[in-house]
Amino acid sequence: HAAEANRTDLMTITRFVLNEQSKYPESRGDFTILLSNIVLGCKFVCTAVNKAGLAKLIGLAGETNVQGEEQKKLDVLSNDVFVKALISSGRTCILVSEEDEQATFVEPSKRGRYAVVFDPLDGSSNIDCGVSIGTIFGIYMVKDSIEPTLDEVLQPGKNMLAAGYCMYGSSCTFVLSTGAGVNGFTLDPSLGEFILTHPDIKIPKKGKIYSVNEGNAKNWDGPTAKYVERCKFPKDGSSPKSLRYIGSMVADVHRTLLYGGIFLYPADKKSPNGKLRVLYEVFPMSFLMEQAGGQAFTGKQRALDLVPNDIHERSPIFLGSYEDVEEVKALYAAED
Ligand code: AHG
Ligand code: MN
Ligand code: MN
Ligand code: MN
């Protein structure tokens, strides 16, 4: 009967968060309203992604973003959807998006207590070939929502009160943490609701998969090169790890979270700070990894301790199974 009960349990993401949030009565409703607007944005992007090829939504938008990347039509569309949904929620006062050079300060009449940092469409290079892509977000509580400044979002990731992502793949999966563990929800298109399918996700302590763009190997530093070498030619007689690299951070991180292993986007000679952006890629994924019992390291420190100076700052990142990241930390420590 358990399966039967579950079927009628219909634990939607809204009900789940309301239950969780009841532990923090002071945010009664506000956080839930904010999250429901993020969820709305994800449902919209999911639909747009699924019909992109049909609705001529693939290809370039003809602009270049602050990252120096050519924006895809879906980059721009999803950014517009999230900015509008977040502002109309009336619960935000600062927004930082990968696609906008400047932070958005919400007009006073619509201001709320949260700052949201987000990557509206992660893995854009995979849009045109139909490979999984996603949306990543992090949420900070704002201290002064009357006269908010950029300092409210130049905070270490450990100050985030929630983080999550939505992956637009063979199914649409929403993974969220509000600081009390990690839970996964799958969109039921017939209901238009995200239903709890992966309660209390814990990442395996050690994994058999490593995930890195081997094409950058020429430019890696010593510890990274040594670590990857060990994955391929283990010294302790164990079998080599498998390489899985999708090229969308959301998809590579989701697989790492569920199967275990390590995802790395290291520094290299060309990009000493790596490629991934601290506020809306490194922090949210590091937050989730720690909440799931894994960890995240920049090559120098715990990723969530990093204090960003610029909203589009980048950092090297090694994240995943606790023991796998420990090995990377030991190699960097030996280097010091
Ligand atoms: P975005 O599409 O939001 O700009 O992010 C792309 C990122 C991330 O999704 C992925 O892990 C990484 O770029 C892949 O970079 P490489 O193609 O250099 O491996
Ligand atoms: Mn991009
Ligand atoms: Mn991205
Ligand atoms: Mn992006």
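Do we find that residue 273 is touching a Lys or Arg at 6+ places or on another chain (Cβ under 7 Å), open to solvent by 30 Å² or more (accessible area, probe 1.4 Å) and either within 27 Å of residue 160 (Cβ to Cβ) or of a type in the set (S, T, N, Q) (or both) in this structure? Yes, satisfied. Scanning the range 55-72 for residues that are open to solvent by 50 Å² or more (accessible area, probe 1.4 Å), assigned to a loop (DSSP other than H, G, I, E, B) and touching a helix residue (DSSP H, G or I) at 6+ places or on another chain (Cβ under 9 Å) yields 56, 58, 69. When 119, 75 are checked against the criterion of being among the charged types (D, E, K, R), in a helix (DSSP H, G or I), open to solvent by less than 60 Å² (accessible area, probe 1.4 Å) and within 13 Å of ligand 1 (Cβ to nearest atom), a single residue qualifies: 75. For the range 83-95, state whether one or more residues are at pLDDT 90 or above, part of a loop (DSSP other than H, G, I, E, B) and either under 25 Å from residue 168 (Cα atoms) or within 16 Å of ligand 3 (Cβ to nearest atom) (or both). Scanning the range 83-95, I find at least one residue that is at pLDDT 90 or above, part of a loop (DSSP other than H, G, I, E, B) and either under 25 Å from residue 168 (Cα atoms) or within 16 Å of ligand 3 (Cβ to nearest atom) (or both), so the answer is yes. Of the listed requirements (1) open to solvent by less than 30 Å² (accessible area, probe 1.4 Å); (2) at negative phi; (3) more than 16 Å from ligand 1 (Cβ to nearest atom); (4) not polar (S, T, N, Q), residue 147 misses just one: (1). In this structure, residue 307 does not satisfy being buried (at least 24 other Cβ atoms within 10 Å of the Cβ) and closer than 21 Å to residue 164 by Cα.
Going through 48, 52 one at a time, which residue ends up being assigned to a helix (DSSP H, G or I), more than 22 Å from residue 279 (Cα to Cα) and touching a helix residue (DSSP H, G or I) at 6+ places or on another chain (Cβ under 8 Å)?
On the way: 52 fails: assigned to a helix (DSSP H, G or I).
That would be 48, the only listed residue that is assigned to a helix (DSSP H, G or I), more than 22 Å from residue 279 (Cα to Cα) and touching a helix residue (DSSP H, G or I) at 6+ places or on another chain (Cβ under 8 Å).
Which one is least open to solvent (accessible area, probe 1.4 Å) among residues in the range 87-116 that are of a type in the set (Ser, Thr, Tyr) and free of Cβ contacts under 8 Å to residues at least 24 places away in the same chain? Of everything passing the filter in the range 87-116, 104 is least open to solvent (accessible area, probe 1.4 Å). Among the residues of the range 1-43, the ones that are open to solvent by less than 70 Å² (accessible area, probe 1.4 Å), among the small types (Gly, Ala, Ser) and modelled with pLDDT under 80 come to 2 in all.
The values are calculated or read from the model by the stated rules, or taken from the named source; none is laboratory data. Just so it is clear, the model here is predicted, and its values are computed rather than measured. Every residue, glycine as well, gets a Cβ built from its backbone with ideal geometry; the counts of neighbours run over all protein chains shown. Just so you know, the surface numbers come from the protein's heavy atoms only, side chains and all, with ligands and any DNA or RNA stripped out. Shrake-Rupley method; radii C 1.70, N 1.55, O 1.52, S 1.80 Å.
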